[in-house]
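**Student:** Dropping a structure here in C-alpha coordinates format, bear with me for questions.
The values are calculated or read from the model by the stated rules, or taken from the named source; none is laboratory data. All of these numbers come straight from a predicted model, not from anything done at the bench. Cβ sites come from the backbone with ideal geometry, for glycine too, and all protein chains shown count toward neighbours. Accessible surface areas use protein heavy atoms only, side chains included; no ligands, DNA or RNA. Shrake-Rupley method; radii C 1.70, N 1.55, O 1.52, S 1.80 Å.
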Amino acid sequence: MSIRKKIDSLLSKLEKRYATHNHIEVSRSAILHNVEVFERLSSKQVIPVLKGNAYSHGITLVAKALRNRKLPYIAVDGYFEALRIRTVSKQPILVMGAILPENFARMKYDNFTFVVQDEATIHALGKTKKNIKVHLECNTGMNRYGAKLTEVTQLTKLILDYKNLELEGVMSHLADSDGNHSSTVDSAVGVFDTCVDAVRAAGANPSIFHVAQSAGSLKAHSKYANMVRIGIGMYGINPFPKKHLLHQQLQKELRPALKLVSTITKIIELEKGDSVSYNYTFTAPKKMKIAVLPVGYYEGVNRSLSNKGTVKVAKSFTPIVGRVCMNHTMISLDGINANVGDRVVIYSENPKDVNAIDTIASEHNLFNYNLLTNLNPDVRRILVD
(Lines give C-alpha, C1' and ligand atoms only; values in the text may rest on other atoms or scores of the structure.)
Protein backbone atom coordinates (compact mmCIF):
# COMPACT_ATOMS: atom_id res chain seq x y z
CA MET A 1 0.00 0.00 0.00
CA SER A 2 1.35 3.44 -0.96
CA ILE A 3 2.00 6.15 1.63
CA ARG A 4 -0.85 8.21 0.13
CA LYS A 5 -3.31 5.33 0.48
CA LYS A 6 -2.25 4.73 4.10
CA ILE A 7 -2.80 8.40 4.94
CA ASP A 8 -6.16 8.48 3.13
CA SER A 9 -7.25 5.31 4.95
CA LEU A 10 -6.27 6.76 8.32
CA LEU A 11 -8.02 10.06 7.64
CA SER A 12 -11.14 8.21 6.51
CA LYS A 13 -11.27 6.23 9.77
CA LEU A 14 -10.80 9.37 11.86
CA GLU A 15 -13.44 11.26 9.90
CA LYS A 16 -16.08 8.59 10.44
CA ARG A 17 -15.72 9.02 14.20
CA TYR A 18 -15.92 12.82 14.08
CA ALA A 19 -19.34 14.46 13.80
CA THR A 20 -19.52 17.65 11.72
CA HIS A 21 -21.78 20.69 11.63
CA ASN A 22 -21.69 20.83 7.83
CA HIS A 23 -22.00 18.13 5.23
CA ILE A 24 -22.93 17.59 1.61
CA GLU A 25 -25.33 14.80 0.68
CA VAL A 26 -24.88 13.28 -2.77
CA SER A 27 -27.71 11.17 -4.14
CA ARG A 28 -26.70 7.98 -5.94
CA SER A 29 -30.19 7.48 -7.36
CA ALA A 30 -30.29 11.03 -8.76
CA ILE A 31 -26.96 10.58 -10.55
CA LEU A 32 -28.01 7.26 -12.07
CA HIS A 33 -31.39 8.72 -13.06
CA ASN A 34 -29.71 11.65 -14.84
CA VAL A 35 -27.36 9.33 -16.73
CA GLU A 36 -30.40 7.45 -18.00
CA VAL A 37 -32.10 10.72 -19.00
CA PHE A 38 -29.21 11.71 -21.26
CA GLU A 39 -28.88 8.19 -22.68
CA ARG A 40 -32.55 8.34 -23.66
CA LEU A 41 -32.64 11.92 -24.95
CA SER A 42 -29.41 11.65 -26.95
CA SER A 43 -29.79 8.02 -28.07
CA LYS A 44 -26.06 7.63 -27.39
CA GLN A 45 -23.78 6.10 -24.81
CA VAL A 46 -22.87 8.42 -21.96
CA ILE A 47 -19.36 9.21 -20.76
CA PRO A 48 -19.81 10.70 -17.25
CA VAL A 49 -17.45 13.60 -16.51
CA LEU A 50 -15.94 13.66 -13.01
CA LYS A 51 -13.44 16.51 -13.40
CA GLY A 52 -13.26 19.27 -10.78
CA ASN A 53 -13.86 16.81 -7.92
CA ALA A 54 -16.95 15.62 -9.81
CA TYR A 55 -18.22 19.22 -10.00
CA SER A 56 -17.63 19.33 -6.21
CA HIS A 57 -19.85 16.31 -5.51
CA GLY A 58 -16.79 14.28 -4.48
CA ILE A 59 -14.90 12.33 -7.11
CA THR A 60 -14.61 9.03 -5.25
CA LEU A 61 -18.24 9.16 -4.08
CA VAL A 62 -19.54 9.69 -7.60
CA ALA A 63 -17.20 6.99 -8.94
CA LYS A 64 -18.68 4.62 -6.35
CA ALA A 65 -22.21 5.60 -7.40
CA LEU A 66 -21.36 4.73 -11.02
CA ARG A 67 -19.20 1.66 -10.60
CA ASN A 68 -21.94 -0.91 -11.16
CA ARG A 69 -23.01 0.75 -14.42
CA LYS A 70 -21.47 -0.47 -17.66
CA LEU A 71 -19.90 2.68 -19.11
CA PRO A 72 -17.54 3.22 -22.04
CA TYR A 73 -15.45 5.63 -19.97
CA ILE A 74 -15.38 7.94 -17.00
CA ALA A 75 -13.80 11.24 -18.05
CA VAL A 76 -11.51 13.43 -15.93
CA ASP A 77 -9.23 16.38 -16.54
CA GLY A 78 -6.02 15.14 -14.93
CA TYR A 79 -3.94 12.09 -14.12
CA PHE A 80 -4.28 12.41 -10.35
CA GLU A 81 -8.06 12.48 -10.68
CA ALA A 82 -7.77 9.18 -12.55
CA LEU A 83 -5.68 7.71 -9.73
CA ARG A 84 -8.28 8.71 -7.15
CA ILE A 85 -11.05 7.02 -9.13
CA ARG A 86 -8.94 3.91 -9.50
CA THR A 87 -8.95 3.44 -5.71
CA VAL A 88 -12.71 2.74 -5.81
CA SER A 89 -13.54 1.72 -9.40
CA LYS A 90 -12.10 -0.42 -12.19
CA GLN A 91 -13.94 1.34 -15.00
CA PRO A 92 -11.90 2.69 -17.94
CA ILE A 93 -10.90 6.33 -17.58
CA LEU A 94 -10.43 9.01 -20.24
CA VAL A 95 -7.92 11.70 -19.22
CA MET A 96 -8.79 14.83 -21.21
CA GLY A 97 -6.48 17.54 -19.85
CA ALA A 98 -2.93 18.59 -20.66
CA ILE A 99 -0.03 16.69 -19.10
CA LEU A 100 3.62 17.70 -19.26
CA PRO A 101 5.20 15.33 -21.79
CA GLU A 102 8.09 14.37 -19.47
CA ASN A 103 5.59 12.94 -16.98
CA PHE A 104 4.35 10.16 -19.25
CA ALA A 105 7.51 8.12 -18.60
CA ARG A 106 6.75 8.17 -14.85
CA MET A 107 3.05 7.41 -14.94
CA LYS A 108 1.04 4.32 -14.18
CA TYR A 109 -1.13 3.09 -17.05
CA ASP A 110 -4.12 1.37 -15.49
CA ASN A 111 -6.75 1.23 -18.22
CA PHE A 112 -6.27 4.97 -18.81
CA THR A 113 -6.87 6.49 -22.24
CA PHE A 114 -5.49 9.93 -23.11
CA VAL A 115 -6.77 12.78 -25.25
CA VAL A 116 -4.03 14.10 -27.56
CA GLN A 117 -3.84 17.14 -29.82
CA ASP A 118 -0.14 17.90 -30.34
CA GLU A 119 3.07 16.22 -31.50
CA ALA A 120 4.92 16.46 -28.18
CA THR A 121 2.25 14.47 -26.31
CA ILE A 122 2.04 11.83 -29.05
CA HIS A 123 5.82 11.38 -29.12
CA ALA A 124 5.97 11.12 -25.32
CA LEU A 125 3.23 8.47 -25.20
CA GLY A 126 4.78 6.58 -28.11
CA LYS A 127 8.20 6.46 -26.46
CA THR A 128 6.80 4.78 -23.35
CA LYS A 129 6.55 1.55 -25.41
CA LYS A 130 3.36 0.78 -23.48
CA ASN A 131 0.14 -0.10 -25.26
CA ILE A 132 -1.98 3.02 -24.87
CA LYS A 133 -5.28 4.13 -26.40
CA VAL A 134 -5.66 7.76 -27.44
CA HIS A 135 -8.46 10.05 -28.61
CA LEU A 136 -7.49 12.82 -31.02
CA GLU A 137 -9.11 16.16 -30.19
CA CYS A 138 -10.10 18.48 -33.03
CA ASN A 139 -10.65 22.23 -32.72
CA THR A 140 -14.15 23.00 -34.00
CA GLY A 141 -14.24 26.65 -32.95
CA MET A 142 -13.63 26.64 -29.20
CA ASN A 143 -10.00 27.68 -29.83
CA ARG A 144 -8.88 26.17 -26.55
CA TYR A 145 -7.45 22.72 -27.16
CA GLY A 146 -7.72 20.60 -30.26
CA ALA A 147 -5.87 20.18 -33.54
CA LYS A 148 -6.75 22.40 -36.47
CA LEU A 149 -8.28 20.66 -39.46
CA THR A 150 -5.03 21.28 -41.36
CA GLU A 151 -3.09 19.38 -38.65
CA VAL A 152 -5.33 16.34 -38.34
CA THR A 153 -3.81 14.26 -41.14
CA GLN A 154 -0.24 14.79 -39.91
CA LEU A 155 -1.11 13.98 -36.29
CA THR A 156 -3.08 10.90 -37.30
CA LYS A 157 -0.11 9.55 -39.26
CA LEU A 158 2.20 10.31 -36.34
CA ILE A 159 -0.01 8.26 -34.01
CA LEU A 160 -0.04 5.40 -36.53
CA ASP A 161 3.78 5.49 -36.65
CA TYR A 162 3.85 4.29 -33.05
CA LYS A 163 2.74 0.65 -33.00
CA ASN A 164 2.01 0.83 -29.27
CA LEU A 165 -0.57 3.58 -29.73
CA GLU A 166 -4.16 2.89 -30.74
CA LEU A 167 -6.18 5.78 -32.16
CA GLU A 168 -9.45 4.65 -30.63
CA GLY A 169 -11.43 7.87 -30.76
CA VAL A 170 -11.93 11.37 -32.14
CA MET A 171 -13.44 14.13 -30.02
CA SER A 172 -14.11 17.85 -29.82
CA HIS A 173 -15.81 20.34 -27.52
CA LEU A 174 -18.64 22.64 -28.58
CA ALA A 175 -18.22 26.33 -27.71
CA ASP A 176 -21.87 27.42 -28.01
CA SER A 177 -23.93 24.36 -27.14
CA ASP A 178 -26.08 26.29 -24.65
CA GLY A 179 -26.64 29.24 -26.98
CA ASN A 180 -29.82 30.12 -28.82
CA HIS A 181 -28.50 29.71 -32.35
CA SER A 182 -28.40 26.14 -33.63
CA SER A 183 -26.33 27.30 -36.61
CA THR A 184 -23.21 27.66 -34.44
CA VAL A 185 -23.55 24.06 -33.25
CA ASP A 186 -24.28 22.80 -36.77
CA SER A 187 -21.18 24.57 -38.08
CA ALA A 188 -18.94 23.10 -35.37
CA VAL A 189 -20.36 19.61 -35.89
CA GLY A 190 -19.69 19.97 -39.61
CA VAL A 191 -16.03 20.71 -38.86
CA PHE A 192 -15.92 17.72 -36.51
CA ASP A 193 -17.30 15.34 -39.13
CA THR A 194 -14.73 16.67 -41.63
CA CYS A 195 -12.00 15.98 -39.06
CA VAL A 196 -13.21 12.40 -38.72
CA ASP A 197 -13.14 12.06 -42.51
CA ALA A 198 -9.52 13.28 -42.49
CA VAL A 199 -8.56 10.81 -39.75
CA ARG A 200 -10.02 7.94 -41.73
CA ALA A 201 -8.45 9.12 -44.97
CA ALA A 202 -5.07 9.07 -43.22
CA GLY A 203 -5.46 5.36 -42.54
CA ALA A 204 -6.90 5.20 -39.01
CA ASN A 205 -10.10 3.41 -38.07
CA PRO A 206 -11.35 4.87 -34.76
CA SER A 207 -14.54 3.48 -33.23
CA ILE A 208 -15.48 6.15 -30.69
CA PHE A 209 -16.65 9.66 -31.59
CA HIS A 210 -17.81 12.35 -29.15
CA VAL A 211 -18.34 16.03 -29.80
CA ALA A 212 -21.11 17.05 -27.39
CA GLN A 213 -21.35 17.81 -23.69
CA SER A 214 -24.57 18.06 -21.62
CA ALA A 215 -26.21 20.87 -23.59
CA GLY A 216 -24.81 19.77 -26.92
CA SER A 217 -26.16 16.25 -26.47
CA LEU A 218 -29.63 17.59 -27.33
CA LYS A 219 -28.51 19.73 -30.27
CA ALA A 220 -25.51 18.19 -32.02
CA HIS A 221 -26.31 15.98 -35.00
CA SER A 222 -23.07 14.40 -36.16
CA LYS A 223 -23.04 11.60 -38.71
CA TYR A 224 -20.32 9.93 -36.65
CA ALA A 225 -20.87 10.73 -32.95
CA ASN A 226 -21.86 7.67 -30.91
CA MET A 227 -21.17 8.98 -27.40
CA VAL A 228 -21.79 12.14 -25.36
CA ARG A 229 -19.84 13.51 -22.41
CA ILE A 230 -22.19 14.47 -19.58
CA GLY A 231 -20.86 16.71 -16.84
CA ILE A 232 -23.14 19.28 -15.22
CA GLY A 233 -26.28 17.54 -16.44
CA MET A 234 -25.38 14.28 -14.69
CA TYR A 235 -25.50 16.14 -11.39
CA GLY A 236 -29.02 17.37 -12.15
CA ILE A 237 -28.09 20.95 -13.02
CA ASN A 238 -29.65 22.39 -16.14
CA PRO A 239 -26.98 23.41 -18.70
CA PHE A 240 -29.37 25.80 -20.45
CA PRO A 241 -30.22 29.31 -19.25
CA LYS A 242 -33.78 29.74 -18.00
CA LYS A 243 -35.01 31.49 -21.16
CA HIS A 244 -33.63 28.85 -23.53
CA LEU A 245 -36.20 26.77 -25.40
CA LEU A 246 -34.67 23.52 -24.16
CA HIS A 247 -34.52 24.59 -20.51
CA GLN A 248 -38.02 23.46 -19.60
CA GLN A 249 -37.64 20.12 -21.38
CA LEU A 250 -34.63 19.22 -19.25
CA GLN A 251 -35.93 20.83 -16.07
CA LYS A 252 -38.81 18.36 -15.98
CA GLU A 253 -36.40 15.44 -16.28
CA LEU A 254 -33.36 16.22 -14.14
CA ARG A 255 -32.91 15.50 -10.44
CA PRO A 256 -30.27 17.57 -8.60
CA ALA A 257 -27.91 15.25 -6.74
CA LEU A 258 -26.42 17.61 -4.14
CA LYS A 259 -27.69 19.06 -0.86
CA LEU A 260 -25.55 21.33 1.35
CA VAL A 261 -26.57 21.11 5.00
CA SER A 262 -25.42 23.10 8.04
CA THR A 263 -26.43 23.29 11.72
CA ILE A 264 -27.68 26.02 14.02
CA THR A 265 -24.94 26.56 16.60
CA LYS A 266 -26.27 29.70 18.30
CA ILE A 267 -29.52 31.67 18.55
CA ILE A 268 -29.39 35.40 19.25
CA GLU A 269 -32.25 37.68 20.29
CA LEU A 270 -31.96 41.08 18.60
CA GLU A 271 -33.55 44.28 19.72
CA LYS A 272 -34.96 46.71 17.17
CA GLY A 273 -32.01 48.62 15.70
CA ASP A 274 -29.38 45.93 16.40
CA SER A 275 -27.12 45.23 13.42
CA VAL A 276 -25.62 42.01 12.13
CA SER A 277 -22.26 40.99 10.66
CA TYR A 278 -19.56 43.04 8.93
CA ASN A 279 -20.27 46.68 8.09
CA TYR A 280 -23.72 46.44 9.70
CA THR A 281 -25.47 45.81 6.39
CA PHE A 282 -28.52 44.38 8.17
CA THR A 283 -30.40 46.18 10.93
CA ALA A 284 -33.25 44.52 12.80
CA PRO A 285 -36.53 46.29 11.95
CA LYS A 286 -38.06 44.91 15.15
CA LYS A 287 -37.31 42.58 18.02
CA MET A 288 -36.40 39.25 16.43
CA LYS A 289 -34.26 36.12 16.61
CA ILE A 290 -31.42 35.10 14.31
CA ALA A 291 -29.36 31.92 14.11
CA VAL A 292 -25.68 31.46 13.46
CA LEU A 293 -24.56 28.75 11.02
CA PRO A 294 -20.90 27.65 10.99
CA VAL A 295 -20.67 27.80 7.21
CA GLY A 296 -19.46 30.69 5.06
CA TYR A 297 -17.77 31.60 1.82
CA TYR A 298 -14.75 29.41 2.67
CA GLU A 299 -17.06 26.40 2.71
CA GLY A 300 -18.78 27.59 -0.47
CA VAL A 301 -21.72 29.84 0.46
CA ASN A 302 -21.56 32.54 -2.19
CA ARG A 303 -20.92 35.97 -0.63
CA SER A 304 -23.30 37.53 -3.15
CA LEU A 305 -26.11 35.93 -1.13
CA SER A 306 -25.48 38.33 1.76
CA ASN A 307 -28.89 39.85 2.66
CA LYS A 308 -30.34 38.21 -0.46
CA GLY A 309 -30.13 34.44 -0.17
CA THR A 310 -32.63 32.04 1.36
CA VAL A 311 -32.15 28.84 3.36
CA LYS A 312 -34.56 26.19 4.58
CA VAL A 313 -35.21 25.44 8.25
CA ALA A 314 -37.48 22.40 8.59
CA LYS A 315 -40.27 23.28 6.11
CA SER A 316 -39.80 27.05 6.27
CA PHE A 317 -37.70 29.30 4.05
CA THR A 318 -35.92 32.19 5.71
CA PRO A 319 -33.50 34.88 4.54
CA ILE A 320 -29.77 35.28 5.13
CA VAL A 321 -29.19 38.44 7.19
CA GLY A 322 -26.00 40.46 7.09
CA ARG A 323 -22.80 39.68 5.27
CA VAL A 324 -21.80 36.06 4.69
CA CYS A 325 -18.54 35.63 6.64
CA MET A 326 -15.61 33.33 5.90
CA ASN A 327 -16.93 30.56 8.18
CA HIS A 328 -20.31 31.85 9.37
CA THR A 329 -23.69 32.85 8.00
CA MET A 330 -26.54 34.40 9.97
CA ILE A 331 -30.19 33.72 9.16
CA SER A 332 -33.49 35.14 10.37
CA LEU A 333 -35.64 33.02 12.66
CA ASP A 334 -38.54 35.48 12.51
CA GLY A 335 -41.69 33.37 12.86
CA ILE A 336 -39.72 30.13 12.96
CA ASN A 337 -39.47 27.79 15.95
CA ALA A 338 -35.93 26.40 15.87
CA ASN A 339 -33.29 25.22 18.31
CA VAL A 340 -29.54 24.90 18.53
CA GLY A 341 -28.61 21.68 16.77
CA ASP A 342 -31.34 21.88 14.13
CA ARG A 343 -30.25 21.21 10.56
CA VAL A 344 -30.52 23.91 7.89
CA VAL A 345 -30.47 23.31 4.13
CA ILE A 346 -28.28 25.87 2.37
CA TYR A 347 -28.50 24.43 -1.15
CA SER A 348 -31.53 22.21 -1.76
CA GLU A 349 -31.76 19.10 -3.91
CA ASN A 350 -35.40 19.91 -4.66
CA PRO A 351 -35.48 21.86 -7.96
CA LYS A 352 -38.72 23.56 -6.90
CA ASP A 353 -37.16 25.09 -3.78
CA VAL A 354 -36.05 28.73 -3.85
CA ASN A 355 -32.61 27.63 -2.60
CA ALA A 356 -32.01 25.08 -5.35
CA ILE A 357 -28.77 25.71 -7.26
CA ASP A 358 -30.44 26.57 -10.58
CA THR A 359 -32.94 28.91 -8.92
CA ILE A 360 -30.23 30.70 -6.92
CA ALA A 361 -28.15 31.15 -10.08
CA SER A 362 -31.10 32.49 -12.06
CA GLU A 363 -32.48 34.80 -9.36
CA HIS A 364 -29.11 36.28 -8.33
CA ASN A 365 -27.37 36.39 -11.70
CA LEU A 366 -24.79 33.79 -10.64
CA PHE A 367 -23.21 30.92 -12.58
CA ASN A 368 -24.65 27.56 -11.53
CA TYR A 369 -21.40 25.70 -12.31
CA ASN A 370 -19.50 28.11 -10.08
CA LEU A 371 -21.92 27.71 -7.17
CA LEU A 372 -21.06 24.02 -7.19
CA THR A 373 -17.33 24.14 -7.86
CA ASN A 374 -16.81 26.70 -5.08
CA LEU A 375 -17.89 24.13 -2.50
CA ASN A 376 -14.82 23.40 -0.42
CA PRO A 377 -13.48 19.83 -0.60
CA ASP A 378 -12.99 19.98 3.20
CA VAL A 379 -16.76 19.77 3.68
CA ARG A 380 -17.67 16.12 4.26
CA ARG A 381 -19.52 14.39 1.43
CA ILE A 382 -21.96 11.58 2.14
CA LEU A 383 -23.38 9.22 -0.49
CA VAL A 384 -27.10 8.64 0.13
CA ASP A 385 -29.83 6.45 -1.43
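**Student:** Provide the packing ranking of 197-203, 41-47, i.e. peptides ordered by the mean count of other C-beta atoms within 10 Å per residue, highest first.
**Tutor:** 41-47, 197-203
**Student:** Next up: Could you tell me the accessible area of ASP186 in Å² (1.4 Å probe, neighbours in place), rounded to the nearest ten?
**Tutor:** ASP186 exposes around 80 Å² with every protein chain in place.
**Student:** Non-local amide H neighbours of VAL295 (under 5 Å, H modeled in plane, Pro and chain starts lacking H): which ones?
**Tutor:** HIS328, THR329
**Student:** Using a 1.4 Å probe on the protein chains only, how many percent of the accessible area of region 217-299 belongs to carbon and sulfur?
**Tutor:** Here it works out to 51 percent.
**Student:** Need one value: the accessible area of VAL191 in square angstrom, 1.4 angstrom probe, rounded to the nearest 10.
**Tutor:** Result for VAL191: roughly 50 Å² accessible.
**Student:** What is the sum of charges, Lys and Arg at +1 and Asp and Glu at -1, for the other residues whose Cβ falls under 13 Å from the Cβ of ILE267?
**Tutor:** -1
**Student:** If you don't mind, there's one more thing I want to ask. Quick one: 3J(HN,Hα) in Hz for region 293-308, Karplus 6.51/-1.76/1.60 with θ = phi - 60°, rounded, Gly and Pro as x.
**Tutor:** Per residue, the Karplus-derived 3J(HN,Hα) values read 10, x, 9, x, 5, 5, 6, x, 6, 4, 5, 5, 7, 4, 6, 10 Hz.
**Student:** Quantify how much of the Cα-Cα distance distribution of the chain extends past 39 Å, in percent.
**Tutor:** Result: 26 percent of Cα pairs exceed 39 Å.
**Student:** May I pose another question? Using only helices, what value at 222 nm comes out for the chain when you add -39,500 (n - 2.57) per DSSP H run of length 4 or more and divide by the total residues, to the nearest 500 deg cm²/dmol?
**Tutor:** -8500 deg cm²/dmol
**Student:** Then there is this: Of the accessible area of region 1-156, with the probe set at 1.4 angstrom, what percent is carbon plus sulfur?
**Tutor:** The nonpolar share, carbon plus sulfur, comes to 51 percent.
**Student:** Moving on. Report the accessible area of THR20, computed with a 1.4 Å probe over the heavy atoms of all protein chains in place, in Å² rounded to the nearest 10.
**Tutor:** 50 Å²
**Student:** If you don't mind, there's one more thing I want to ask. I need the peptides 321-329, 239-247, 76-84 ranked by packing, meaning the mean over residues of other C-beta atoms within 10 angstrom, with the highest value on top.
**Tutor:** Put in order of decreasing packing, that is 321-329, 76-84, 239-247.
**Student:** Using a ≥ b ≥ c from the Cα gyration tensor of region 337-385 (square roots of the eigenvalues), is it rounded, prolate or oblate, where a/c under 1.5 gives rounded and otherwise the larger of a/b and b/c decides, a/b for prolate?
**Tutor:** oblate
**Student:** Per residue, how much accessible area does the chain have with a 1.4 Å probe, in Å²?
**Tutor:** Result: 48 Å² of accessible area for each residue.
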